[in-house]
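Report on the following structure.
The values are calculated or read from the model by the stated rules, or taken from the named source; none is laboratory data. Here the structure is a predicted model, which is why all the values come from computation and not from measurement. Please note: Cβ atoms are built from the backbone with ideal geometry, for glycine as well, and neighbour counts cover all protein chains shown. Protein only, heavy atoms only, side chains kept; ligands, DNA and RNA dropped before computing areas. Shrake-Rupley method; radii C 1.70, N 1.55, O 1.52, S 1.80 Å.
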Amino acid sequence: MEKIDKFDMAIVSCLQRDGALSQRELADRVGLSQNACWRRLQRLHSCGIIRGTRAQVNVVELGFDLTVFVMIRTSRHSKDWADAFRQHVDQLPEVTEFYRIGGDWDYLIKVVCRGMAGYDRFYQRLITGFELATVTGFFSMEAIIDNRPLDLRSMEG
């Protein structure tokens, strides 16, 4: 990967805020010609810095009114078990984020569902077939900051 410069950072910053920008609008905002902007955009995609473009959805308006952060502790730590568990969790459609973490817990899963009954259905599918030492859900009451783009300019080292 070539060095990322201020134009690349500007392209990424703009697209984080509005992924539907036309190529012309993006080029104008970052101060490049359309061709130069397009070449940089292709390079950012091919090297994996930009992984795709999608719409942000208001899940509550779609009826998914419960967000739960599920903390999991397991006594199983083999590679085979971890791979099988990752595949299992990947098949659960309520999961929007999934992390292996350090500290007292092993995994963190962000789940979006329709009410407590929806969470219970998810929970039953989650624990089926896997030995989990502890599963704890933390229920979100309000999203204060959600899906905020990184402010790349203020984070430069």
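Of the conditions (1) open to solvent by less than 50 Å² (accessible area, probe 1.4 Å); (2) hydroxyl-bearing (Ser, Thr, Tyr); (3) part of a helix (DSSP H, G or I), Thr136 clears all except one; give me its number.
(3)
What's the total number of residues in region 90-100 that are of a type in the set (Phe, Trp, Tyr) and exposed (fewer than 15 other Cβ atoms within 10 Å of the Cβ)?
Just the residues of region 90-100 that are of a type in the set (Phe, Trp, Tyr), to begin with: 98-99.
Filter once more, keeping what is exposed (fewer than 15 other Cβ atoms within 10 Å of the Cβ): 99.
The total comes to 1.
Select the helices (runs of 4 or more DSSP H) contained entirely in region 1-89, then report the ones holding at least 2 residues which are open to solvent by 80 Å² or more (accessible area, probe 1.4 Å) and of a type in the set (D, E, K, R). Spell out how you get there, then give the answer.
Working: elements: 6-17, 23-30, 34-46.
The helices (runs of 4 or more DSSP H) meeting that bar are 6-17, 23-30.
Failed condition for Arg51, given (1) in contact with a Cys (Cβ under 9 Å, 6 or more places away or on another chain); (2) in the same structural domain as Ile11 (by the TED database); (3) of a type outside the set (Val, Ile, Thr), with all others met?
Failing condition for Arg51: (1).
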